[in-house]
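Following: one structure in structure tokens, then a few remarks.
The values are calculated or read from the model by the stated rules, or taken from the named source; none is laboratory data. It should be emphasised that the depicted structure is a prediction, and the values quoted were computed from it without experimental measurement. With ideal geometry, Cβ positions are generated from the backbone for all residues, glycine too; neighbour counts draw on all protein chains shown. Surface accessibility is based on the protein's heavy atoms, side chains included, excluding ligands, DNA and RNA. Shrake-Rupley method; radii C 1.70, N 1.55, O 1.52, S 1.80 Å.
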Amino acid sequence: MNQPGMVTAAVLLLGGLAAAQVAAAPAARARGVDPQIAAAVRRVSAAQIEANIRKLVGFHNRNTLSAADPAAIARGRGIGAAREWIKSEFERYSQACGGCLEVKTDSFIQEPADRIPRPTEIVNVYAVLPGSDPENAKRIYLVTGHYDSRNSDTLNVEDAAPGANDDASGVAVSLECARVLSRYKFSATLIFMAVAGEEQGLNGSRHFAKWAKAQGMNIEGVLNNDIVGGNKTPGDTLQDANIVRVFSEGVPAAATEPELRLLRALGGENDSPSRQLARYVREVAQRYLPSRGFGPKLIFRRDRYLRGGDHSAFNEQGFAAVRFTEYREDYNHQHQNVRTEKGIEYGDLPKFVDFQYVANVARLNLATLASLASAPAPPARVRLLTKQLENDATLAWERSPGDLATGYEVLYRATTEAEWPMLGVQNVGDATTATVKRSKDNVIFAVRAVDKKGRKSLPVVPLPER
Ligand SMILES: [Zn+2]
């Protein structure tokens, strides 16, 4: 091992790395990279994620109807044991950061319903990392996955239902974001969540979202990770390990009749708050993951064709929420009894999960949460003034609540463009009104808040004001 030639090679390699880092630093600054967030991204561990997915699979069957009595918990079988373990992980992370996390449960009895034959206790487990700034701590960003699983029969609580991809992978993303981000402080509040009842009909997330709405909680964005395992069935050449799909609703599920009339009149069907959140995810990927060659493919649709997920429960209550799902699903490894038939292996087993892929999904979630929670709040009451017909456009807004903003940017794009261009952004300084030499007939505008370090809020599309 101590050959002189190898030592020389190692020294040369180190020299090369150092030079590359020096060159990379200004480029990173120009992209608006926050060094603390970049450091947090590097802490995400594929090995930790793999261990968590294998642990969840080890509970054998995590059907929402499966055992949750003390004996089953002691034996490490069923959904009760899974829930207690998730809670203990959050508590462990909290101990490591001097009690920085508030570990909580949202527990309720679901009365009999479709796929729920008898009254069943459903428990959502979550950890709160309170914002460090009292005003901004009211703003909340939430990451979630579902810890319940199922096999071929939604009511089967006996046979294996490993749910490695669906959705231990999503729970592992929530856990890893909590483990890493609990070492840092952010202005806004973060919630790391694992819900149950998804496979029975989104019961857990629906309960929490309704409760959050009733509490007046200001949840500004929800990231739902469901089936983010990057399925790697041998012989599947169409999977793409560099892409995660991000689904977002167009017309908001919670829009009222008058709001729908306005959307139709303005051509606003492509600019829901959920879609702005999806676009934000894309910008974050460009900022923090370019060297990994990994990023989102935005899908302008609420969810996969005629299928559903927990983000929709938040959309129904008027919250911006998106869904992350692997590029290509394999239905032999979803909602299937573990078996081999005619040489085909069925079942949602860890061996089909690409743990490096899940780690990249976790990095993207983590960078998005950290960016949102360090950035200023979006500007309030953004309006496009239409008192007189003119070819310029005058926008007005109220300052970003919480006082983190030092300036504002006006964005615009052609009505046929899908995403906010990197160009087409006008910095208007610390103002609450701006006139742009663009016809409001031809483009879509938005305004976002920026702080002194260049961290950007979610953009807000204006409403017309006469
Ligand atoms: Zn699922």
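Taking the Kirkwood radius as the inverse of the mean 1/r across Cα pairs, report the Rg/Rh of segment 221-278.
Computed over Cα atoms, the ratio is 1.18.
So, R0 is 56 Å and r is the distance between the beta-carbons of residue 132 and residue 111; what FRET efficiency does that work out to, to 0.05?
Working: r = 40 Å, r/R0 = 0.72.
Using R0 = 56 Å, I get an efficiency of 0.90.
At 1.4 Å probe size, what's the solvent-accessible area of residue 238? Round to the nearest 10 Å².
Approximately 100 Å² for this residue.
Could you tell me the calculated FRET efficiency between residue 381 and residue 158, based on Cβ-Cβ distance and R0 = 41 angstrom, to the nearest 0.05?
In this case the efficiency is close to 0.15.
Gap in Å between the Cα centre of segment 113-150 and the Cα centre of segment 176-244?
9
Using a 1.4 Å probe on the protein heavy atoms only, what accessible surface does residue 435 show? Give it in Å² to the nearest 10.
Residue 435 has an accessible surface of roughly 80 Å² with all protein chains in place.
Calculate, for residue 340 and residue 426, the FRET efficiency according to 1/(1 + (r/R0)^6) with r their C-beta to C-beta distance and R0 51 Å; round to the nearest 0.05. Show your work: numbers first, answer last.
Values: r = 60 Å, r/R0 = 1.18.
Efficiency, rounded to the nearest 0.05: 0.25.
For 226, 236, 430, what's the largest-to-smallest order of accessible area, 1.4 Å probe?
Values: 226 5, 236 45, 430 95 Å².
From most exposed to least exposed: 430, 236, 226.
In debye to the nearest 20, how big a dipole does segment 350-462 give about its Cα centre with +1 on each Lys and Arg Cβ and -1 on each Asp and Glu Cβ?
Details: 15 positive and 11 negative charges, 31 e Å.
Charge dipole, segment 350-462, about its Cα centre: 140 debye, nearest 20.
GluC sites (Glu not before Pro) within segment 391-456: which are DSSP loop residues with at most 16 other Cβ atoms inside 10 Å?
417, 419
Placing +1 at every Lys and Arg Cβ and -1 at every Asp and Glu Cβ, with all other atoms neutral, what dipole size does the chain have around its Cα centre, in debye to the nearest 20?
Value, rounded to 20: 1160 debye.
What accessible area per residue, rounded to a whole number of Å², is obtained for segment 117-269 using a probe radius of 1.4 Å?
Value returned for segment 117-269: 35 Å² of accessible area per residue.
Sorted by packing (mean other beta-carbon atoms within 10 Å per residue), highest first, where do 169-175, 48-54, 362-368 land?
Highest to lowest by the protection proxy: 169-175, 362-368, 48-54.
Give me the number: length gained by fully extending residue 39 to residue 406, i.e. 0.36 nm times residue separation minus the C-alpha to C-alpha distance, one decimal in nm. Kindly include the intermediate steps, with their values, before the conclusion.
Details: separation 367, 0.36 × 367 = 132.12 nm, distance 2.47 nm.
Result for the pair: 129.7 nm of gain on full extension.
Can you pull the one-decimal nm distance between simple spin-label points at residue 104 and residue 214, each 7 Å off the Cα toward Cβ?
So the label points at residue 104 and residue 214 sit 1.4 nm apart.
Determine the shape class of segment 41-166: with a ≥ b ≥ c the square roots of the Cα gyration tensor eigenvalues, call it rounded for a/c under 1.5, and otherwise prolate if a/b is greater than b/c, oblate otherwise. Working shown, then result.
Values: a/c = 2.08, a/b = 1.53, b/c = 1.36.
Verdict is prolate for segment 41-166.
Which whole-angstrom value gives the distance between the alpha carbon centres of segment 315-329 and segment 255-308?
9
I want to check the label-to-label distance for residue 453 and residue 466. Put each point 7 Å from Cα in the C-beta direction and report it in nm to one decimal.
Reported label-point gap for residue 453 and residue 466 is 4.5 nm.
By how many nm would the segment from residue 415 to residue 240 lengthen if fully extended, with 0.36 nm per residue of separation less the alpha-carbon distance?
Between residue 415 and residue 240, full extension yields an extra 60.0 nm.
Would you check the accessible area of residue 105, probe 1.4 Å, heavy atoms only, in square angstrom rounded to 10?
Near enough 70 Å² of accessible area.
Can you tell me how segment 215-254 classifies by the Cα gyration tensor, rounded, prolate or oblate, using a/c under 1.5 as the rounded cut?
prolate
What Cys residues in the chain are without a partner cysteine, judged by a Cβ distance under 4.7 Å?
Lacking a cysteine Cβ partner under 4.7 Å: 177.
Rounded, prolate or oblate: which one fits segment 363-455, using the alpha carbon gyration tensor with axes a ≥ b ≥ c (rounded when a/c is under 1.5, else prolate when a/b beats b/c, else oblate)?
Verdict is oblate for segment 363-455.
Rank 342, 55 by accessible area, highest first, at a 1.4 Å probe radius?
342, 55
Given the peptides 155-168, 73-86, arrange them by the average over their residues of other C-beta atoms within 10 Å, most packed first.
Final packing ranking: 155-168, 73-86.
With a 1.4 Å probe and every protein chain kept in, tell me what percent of the accessible surface of the chain is carbon plus sulfur.
53
Report the rotationally averaged projected area of the chain based on its alpha-carbon convex hull, in square nanometres. Don't jump to the answer; show the numbers that get you there.
Numbers: hull surface 104.9 nm².
Averaged projected hull area, Cα only: 26.2 nm².
How much length, in nm to one decimal, is gained on full extension between residue 96 and residue 51, taken as 0.36 nm per residue of separation minus their Cα-Cα distance?
14.3 nm
Nearest 10 degrees is fine. How inclined is helix 355-374 to the longest principal axis of the chain, computing both from alpha carbons?
With rounding to tens, the tilt is 40 degrees.
Find the relative contact order for segment 285-427 and round it to a whole percent, using C-alpha pairs within less than 8 Å whose residues are 6+ positions apart.
13
So in the chain, what percent of DSSP beta bridges are antiparallel if you round to the nearest 5?
If I count the DSSP bridges inside the chain, around 65 percent turn out antiparallel.
Can you give me the accessible area per residue for segment 412-452, using a 1.4 Å probe, in Å²?
Accessible area per residue: 55 Å².
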